[in-house]
């Protein structure tokens, strides 16, 4: 049986280069990880496992060496989302206005009567 033709790259010989990376040396195999890249990946919402896979390191190594960058990146993501939500609300998006009102102002769709929150009287009869 004949093997199907497997397409090959148009480039016959790949170009190889050297790149210097500045960062923190981690792990047994001494990988160099730039803290800015960890921050950027956390900032776009990558999970620890995804960041570990990207750099080829263990989760404990990541959290031990880059906990500050992970926290700051995730906080930056939250701030970006809040900015976008507020921008939508202030531009007139009614759904976002209602949601933010509930979250930040304690507004409710059904107001509660203060009398209705009182417990019913107890009787032993």
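List 91, 80, 123 from most exposed to least, where exposure is judged by having the fewest other Cβ atoms within 10 Å.
Numbers: 91 9, 80 13, 123 5.
Fewest to most other Cβ atoms nearby, the residues stand as 123, 91, 80.
Can you report the principal axis dimensions of segment 39-125 using only the alpha carbons, biggest first, rounded to whole angstrom?
70, 46, 18
Among 27, 106, 92, which one shows the biggest mean-square fluctuation in a GNM of the chain, springs joining Cα atoms closer than 10 Å?
For the chain, modelled as a Gaussian network with Cα springs under 10 Å, the answer is 106.
Once both axes come from the Cα atoms, what is the angle between helix 94-105 and the longest principal axis of the chain, in degrees from 0 to 90, rounded to 10?
Approximately 70 degrees, to the nearest ten.
What's the exposure ranking of 124, 29, going from fewest to most Cβ atoms within 10 Å?
Sorted ascending by nearby Cβ count, the order is 124, 29.
Put a dot 7 Å past each Cα toward the Cβ at residue 124 and residue 60; how far apart are the dots in nm?
About 6.1 nm, to one decimal.
Just from its helices, what would the mean residue ellipticity at 222 nm be for the chain, if runs of 4 or more DSSP H residues each count -39500 (n - 2.57) and the sum is divided by every residue, rounded to the nearest 500 deg cm²/dmol? Don't jump to the answer; show the numbers that get you there.
Details: 4 runs with 61 residues, N = 125.
Taken over the chain, the calculation gives -16000 deg cm²/dmol.
In nm, give the distance between the simple-model label positions of residue 37 and residue 108, each being 7 Å from the Cα along the Cα-to-Cβ direction.
If labels sit at residue 37 and residue 108, their model points lie 5.1 nm apart.
When 30, 19, 102 are ordered from fewest to most other Cβ atoms inside 10 Å of their Cβ, what list results? List each step's numbers first, then the result.
Values: 30 7, 19 4, 102 12.
In increasing order of surrounding Cβ atoms, one gets 19, 30, 102.
Helix 59-90: angle to the longest alpha-carbon principal axis of the chain, degrees 0 to 90, nearest 10?
Its long axis makes an angle of about 50 degrees.
With springs only between Cα atoms under 10 Å apart, run a GNM on the chain and tell me which of 43, 107, 85 wobbles the most.
Maximum fluctuation in the GNM of the chain, among the listed residues, is at 107.
Read the figures in this text as sums done on the coordinates, not as results from a lab. Not measured: the values here are computed from a predicted model. Heads up, the Cβs are rebuilt from the backbone with ideal geometry, glycines too, and the neighbour counts pull from every protein chain shown.
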